[in-house]
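A quick write-up on the structure given underneath.
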């Protein structure tokens, strides 16, 4: 066993001893995290997956579970680690979901798409899209100008990056035509 592997193992043992032991509360936190609508996971080509969970976003639920404020972070971290561990197994080991928890994780994060992204990121040096959002906006220059802000997120060298594009309604229509053509040909299901 290499020194770095031994250090990682010892760190996990220390974390395990410091973790909360009320499994029903941990399960409740996991359920709440998985119910978040804006929850996103990002996968890397190096066999890593990341998940961003804000304790503040689920704090009211943590209080309902009776988790003291000084234990909130521990419960959220443990729940997040369990989700990430399962997600990593499903993505990188191409494991099929075997129980309800694995099925929820599989469906929540669209594991087949994440598997594809992980493989693409491993092979290509160009960015692979991790998230897309489109926002309507207006700017007043002489008169109101309507436009759209296209926000594309990707992971580069273990750092999330965002690229923003301003798109006119006409550009958006062209984009829709291109997408419809691809979808019509059956290239994308």
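Computed values, structure above
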| read-out | value |
| --- | --- |
| Of the criteria (1) in contact (Cβ under 8 Å) with a residue 12 or more places away in the chain; (2) over 19 Å from residue 31 (Cα atoms); (3) not in a loop (DSSP other than H, G, I, E, B), which one residue 112 fails | (1) |
| Among the residues listed as 101, 175, the single one being surrounded by 12 or more Cβ atoms within 10 Å (Cβ to Cβ), outside the structural domain of residue 52 (by TED's automatic domain parsing) and either out of contact with any strand residue (DSSP E or B) (no Cβ under 9 Å at 6 or more places or on another chain) or over 20 Å from residue 91 (Cα atoms) (or both) | 175 |
| Residue in the range 162-170 that is exposed (fewer than 15 other Cβ atoms within 10 Å of the Cβ), part of a helix (DSSP H, G or I), in contact (Cβ under 8 Å) with a residue 12 or more places away in the chain and not assigned by TED's automatic domain parsing to the domain that holds residue 36 present | yes |
| Subset of the range 138-148 (residues that are touching a residue at least 12 places away in the same chain (Cβ under 8 Å) and surrounded by 11 or more Cβ atoms within 10 Å (Cβ to Cβ)) | 147, 148 |
| Subset tally (residues that are over 8 Å from the mean Cα position of the chain (by Cα) and within 24 Å of residue 122 (Cα to Cα)) for the range 30-48 | 5 |
| The lone exception for residue 139 - which of (1) part of a strand (DSSP E or B); (2) within 25 Å of residue 114 (Cβ to Cβ) it fails | (2) |
| Count of the range 135-184 residues which are at pLDDT 85 or above, closer than 27 Å to residue 41 by Cα and touching a helix residue (DSSP H, G or I) at 6+ places or on another chain (Cβ under 8 Å) | 2 |
| Every residue from the range 30-57 that is modelled with pLDDT under 85 and in a helix (DSSP H, G or I) | 55, 56, 57 |
| Members of the range 78-88 that are more than 12 Å from the chain's Cα centre (by Cα), within 20 Å of residue 42 (Cβ to Cβ) and surrounded by 16 or more Cβ atoms within 10 Å (Cβ to Cβ) | 79, 82, 86 |
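The values are calculated or read from the model by the stated rules, or taken from the named source; none is laboratory data. Only a predicted model underlies this, so the values are computations on that prediction, with no experimental measurement involved. Counting neighbours? That spans all protein chains shown, and the Cβs are built from the backbone with ideal geometry, glycine included.
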